[in-house]
Amino acid sequence: MIKAPPTPIPLRIVSLIPSATEIVAALGYESALVGRSHECDFPLSVQTLPVCTAPRFNPYGTSREIHDRVTELLQSALSVYEVNIERLAELQPTHIITQAQCEVCAASLAEVEKAVACGLATQPQVISLQPQVLADVWADLEQVAIALNPMVGSVHAARAIDGLQQRLQRCSQPLETPPPHPTVACIEWTDPLMAAGNWVPELVTLAGGHSLFGKVGQHSPWLQWDDLLTADPDRIIMMPCGYDLAQTQQAAEQLSQDPRWAKLKAVQDYQVYLTDGNQYFNRPGPRLIDSLEILAEILQPETYEATGGKSYAMTAWKLFSL
């Protein structure tokens, strides 16, 4: 007698990083999500899921205050975020998705592995993502898809990646203007100053700009005021990590109190832009293509509009001047 194949265990996914939550949704497995991090908020429907992480610091305050709190935790060899082991045990996930890229961004791989080893009777599969450039996001889509469904995961990933790459081509190809390209400073933190690295310089180039300071595939570097003044960028695009538009505007207003701010050409030419870095640029997932489109609208608005591109003005970014 031929035995029937075993019934597959239903997927129960806990995502502990916003970009992974968006990857799961893009692959068609949103209904299998049973838990999320405190920062996962897109798609909107995931906000009803149980929260499995929390920051170990007060996330409210000025840029300097938040920086000092996080630095103190790291210097004390403490994790910036804690994982709720009891909640994970209740949810009984088959898969947990986390990251090994940045201790400040989300619960670390080490913290998750510790929680799983100590508090869960059945061991879920832990998927760790570590994207540095745009190609890594495509690889993450495939990695997650295969882990969730080894039989057809690669097909699901290929379909999702193809759609994103088509949008990328539509956005970047018409914007291949001859040099000189506008010089761009992308600011990931305001006090102390930090430039955006990893995938952001790559997106700036695709959108028709020349990125200053940050290097493709390298972590975001600290930025000195003197270097910013010397480079004197044509555009300044602010995308503080974890900040929405309102918080970015507050940070920009504080930054503009420095007397050196008014000396910058981008400030004098009204070419400073505030973006929702939390929803877009800081999340290495499918919406990095939205981020590319935002950059294209900022850097080459007339060309972008002529291609029929979606306008993000006043929803994802706005012009800033004082």
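The values are calculated or read from the model by the stated rules, or taken from the named source; none is laboratory data. Quantities reported herein were computed from a predicted structural model and do not represent experimental measurements. A quick note on method: Cβ atoms are made from the backbone with ideal geometry, for glycine too, and the neighbour counts reach across all protein chains shown. Calculation scope for accessible area: heavy atoms of the full protein, side chains included, ligands and nucleic acids excluded. Shrake-Rupley method; radii C 1.70, N 1.55, O 1.52, S 1.80 Å.
Ligands, DNA and RNA are left out, and with a 1.4 angstrom probe the accessible area of the stretch 191-312 is 40 Å² per residue. For the chain, the longest principal axis of the alpha carbon atoms and the long axis of helix 109-119 meet at an angle near 30°. Pairs of Lys residues in the chain, spaced 8 or more positions apart or belonging to different chains, with C-alpha separations under 28 angstrom: 7 in total. Using a probe radius of 1.4 angstrom, the carbon and sulfur fraction of the accessible surface of the chain is 53%.
Computed on the Cα trace of the chain, the radius of gyration divided by the Kirkwood hydrodynamic radius gives Rg/Rh = 1.00.
So what's the stretch 275-322 giving for Rg/Rh, alpha carbon basis, Kirkwood Rh from the mean inverse pair distance?
Values: Rg = 10.9 Å, Rh = 11.1 Å.
Ratio value, two decimals: 0.98.
Multiplying the sequence separation of Thr315 and Asp232 by 0.36 nm and subtracting their Cα-Cα distance, what value in nm do you get?
Numbers: separation 83, 0.36 × 83 = 29.88 nm, distance 2.72 nm.
Here the segment from Thr315 to Asp232 would lengthen by 27.2 nm.
With the Cα gyration tensor of the stretch 4-152 giving a ≥ b ≥ c as the square roots of its eigenvalues, does the rule (a/c under 1.5 for rounded; else a/b larger than b/c for prolate; else oblate) give rounded, prolate or oblate? The shape class here is prolate. Considering only Glu90, Glu293, Glu305, the Gaussian network model of the chain with Cα springs below 10 Å gives its largest mean-square fluctuation to Glu90. Taking label points 7 Å from Cα along the Cα-to-Cβ direction, Gln165 and Ala135 give a separation of 1.2 nm. What is the list of residues in the stretch 278-297 whose amide nitrogen lies under 11 Å from a point 7 angstrom out from the Cα of Ser45, following Cα to Cβ? The answer is none, because no backbone nitrogen lies closer than 11 Å to the label point. Note on the chain: with a GNM built from Cα contacts shorter than 10 Å, the maximum mean-square fluctuation among Gly35, Gly285, Gly217 falls on Gly217.
Measuring between their Cα centroids, the stretch 304-322 and the stretch 221-258 lie 19 Å from each other.
Taking only Cα atoms, what is the 0 to 90° angle, nearest 10, from helix 288-299's long axis to the longest principal axis of the chain? Value to nearest ten degrees: 10.
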